[in-house]
1. So what is the 222 nm mean residue ellipticity for chain A from helices alone, if each DSSP H run of at least 4 adds -39500 (n - 2.57) and you divide by all residues, rounding to the nearest 500 deg cm²/dmol?
2. Take the alpha carbon atoms of the range B:199-232, find their center, do the same for the range A:17-58, and report the distance between the two centers in whole angstrom.
3. Out of all DSSP beta bridges in the range B:1-106, what portion is antiparallel? Express it as a percent rounded to 5.
4. Please build a GNM for chain B, connecting alpha carbons under 10 Å apart, and tell me which residue among B:72, B:186, B:28 fluctuates the most.
5. Going by alpha carbons, how many degrees (0 to 90, nearest 10) lie between the helix axis of A:245-270 and the longest principal axis of chain A?
6. Pop the C-beta distance of residue A:368 and residue B:47 into the FRET formula with R0 = 35 Å and round what comes out to the nearest 0.05.
7. Treat the count of other C-beta atoms within 10 Å as a stand-in for reagent exposure and order A:115, A:38, B:97 from fewest to most.
8. Between residue B:36 and residue A:272, what is the spin-label point distance in nm, taking each point 7 Å from the Cα along the Cα→C-beta axis?
């Protein structure tokens, strides 16, 4: 496995880093203070990221996207990960599951999402169905050429700025060898559909300025032409297209931890106590070493999963390993960074306390650390009848 | 309208630089990037060609180690082709030799309606190469251009001065040096990066251009000594007692900033 970057890949990294430092980082403090990104700033970031080709870089070039594979997209996410997610996400990476669009859906949803005219969000979680996705209670009942949606979704990230949702709902039941299971179908639902309501979500300790919302569906009619993928096969589509989203979490954690370590090294090399640089005290220097060790390990695990995925060798286990290790690494690195900075680390004059808070959600969203460990251990035990 | 932009590839300022102990020159053996001060020239050239409706932007550069990363950045921004003069014998070249090499490179590309350079590089700061290129090519030279317009065969430049700017005109072809901030350089787009791979980037030696390298020994300028920059002194703190604005105005006036 060779992770050396080609000249083009290095230029993609350099461009994204420049973009992050110039277009996003200068706004971090204000966004954190205000709790939102202004519409003007959203438009500006969107426009400039489209010009730079970073926007929708994961989508096929023949559809107007950047045509980057998993590995290159991971490099992009790693650079963007250094800044606040409230700013990062505006440089959109439309959900890969939109590649399942067909016929009229391509023109109505996929293409305008790639060009930035439309913004999607994704609704899976429910108050009573988190890790247990099949336990969802939001139902889709067939009625002629429509499906009628009823139920509630929550934790729906950036639904406030989206204009349609990729919704997963229970469309029936089936008998399996493990008992009765719900059949899940994916739908593309415009937010202006009657019976579809968005309400303010919860205040979250992580990613201030990046909002979640609650979606209520009350006899919301969705035409069958808006089914994404095959009817009752939403779970398969989600597994096919959403498995690699864990790479984004892992890459963001690596980018964020890199920045925290860089700040820590600079501080340890310049801050003096007891007449010498604090980096000369073993209590500090060994922290730096441990941060670097875990960061390197996380980066290599992330690049391994991306490298294989880009070559058509998607591995659920490698994705899970990258996600769980990188998110836990980032929690460790940002925490140690704060310890090195002492009291100042907890003050909002520095970005560290934000990074420390922001990364807490990374151990939970896109599959908790526990679910990732379940995936890893299941793969180990299955050949032995486990 | 064909424009040649002279660009320098420099060590990444984000990485700690190192000086060669014997020559006192900056070590350039690692990865080189496009000097940010040249990104303005590339952007201006792209805009001028776009306004003209036809033509191409070419980039020329000189680097002893064959490095092309910085030039690829210029190609990814939109330049059509590049010519790199790379020759170990050019190590230690003084500003005049650099100008002769770049002038010869411009000639090899068939000349241009306009030649653009930065006012000075971010790593060497001699600030003389653009004018020397103009002299080598026998062309008019306009320095410190902050705004550039082309009207037929006439070049109209707002030239930055200490007190404001001069409005200068000359005929084309000409050589101009542009100041930082004159335009906002575009990011090399991802599509541009992929397209840059296919653009021609020729590498030639000093001999190919019939220029005789001077090297360290015969260079017309030498770095005789390097000393550590003086550490920045602590700033002045003005407590606002209701009259602080007057003290700030006086401070800025003393520095001739207002």
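1. -13500 deg cm²/dmol
2. Result: 40 Å between the Cα centres.
3. Of all bridge pairs located within the range B:1-106, approximately 30 percent are antiparallel.
4. Top of the fluctuation ranking is B:186.
5. 20
6. Taking R0 as 35 Å, the efficiency between residue A:368 and residue B:47 is 0.10.
7. If I rank by nearby Cβ atoms, fewest first, I get A:38, A:115, B:97.
8. 2.9
Each reported figure results from applying straightforward, stated rules to the coordinates on display, with no laboratory input. Just so it is clear, the model here is predicted, and its values are computed rather than measured. Methodologically, a virtual Cβ is constructed for each residue, glycine included, from the backbone with ideal geometry; neighbour enumeration extends over all protein chains shown.
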